[in-house]
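First comes the structure, then the notes that go with it.
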Amino acid sequence: MSAETREETEGLPRKLSPAEKRAENIIRIKRSVIACLLGIITGFISYLLVDPSDIMGLQSYTLLALLIMFAGIVIQKHIFVLMRLNPLSMGKKDWLFQGFMTFAFWFIVWTILLTSKVQ
């Protein structure tokens, strides 16, 4: 193999074996489950800390609920470190996905809990 050919192949990403792909998929599933669970937990915490009668638009109580949700997103990195899910390998797109999943589940759970009192 010539030096030029070796340099060209070094720049290309190597193909993963089926076992490596499976391990990477399991890590991604675990990360997604953690994001969903943290969204559900922060939705319940937001409901318990903020009185439903105080929710009218964007007020300080609503901002408190948003801060609780953001805390759930920040906690994810520490959970990933404890579970050895390699958070350093995650890019901006991965963190955006994690944050969106946490936000979506937080919003759904909190909305359902807030509207259950209305009926």
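The values are calculated or read from the model by the stated rules, or taken from the named source; none is laboratory data. Since we're looking at a predicted model, the values are computed, not measured. A quick note on method: Cβ atoms are made from the backbone with ideal geometry, for glycine too, and the neighbour counts reach across all protein chains shown.
For this structure, a couple of remarks:
- Here TYR61 clears all of (1) in contact with an Asp or Glu (Cβ under 6 Å, 6 or more places away or on another chain); (2) not in a helix (DSSP H, G or I) except the condition numbered (2).
- Only residues that are assigned to a helix (DSSP H, G or I) and surrounded by 14 or more Cβ atoms within 10 Å (Cβ to Cβ) were counted across segment 83-95, and they come to 2.
- Taking the criterion of being more than 15 Å from LYS77 (Cβ to Cβ) and more than 12 Å from the chain's Cα centre (by Cα), the residues of segment 18-41 that qualify are PRO18, ALA19, GLU20, LYS21, ARG22, ALA23, GLU24, ASN25, ILE26, ILE41.
- Exactly one residue among LEU67, LEU37 is surrounded by fewer than 17 Cβ atoms within 10 Å (Cβ to Cβ), modelled with pLDDT of 95 or more and out of contact with any helix residue (DSSP H, G or I) (no Cβ under 6 Å at 6 or more places or on another chain), and that residue is LEU37.
So that you can scan it fast, the table gives a plain yes or no per residue for (1) assigned to a helix (DSSP H, G or I); (2) over 11 Å from the mean Cα position of the chain (by Cα); (3) closer than 14 Å to CYS36 by Cα:
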| position | (1), (2), (3) |
| --- | --- |
| PHE70 | yes, no, yes |
| HIS78 | yes, yes, no |
| VAL81 | yes, yes, no |
| PHE97 | yes, no, yes |
| PHE103 | yes, no, yes |
| PHE107 | yes, yes, yes |
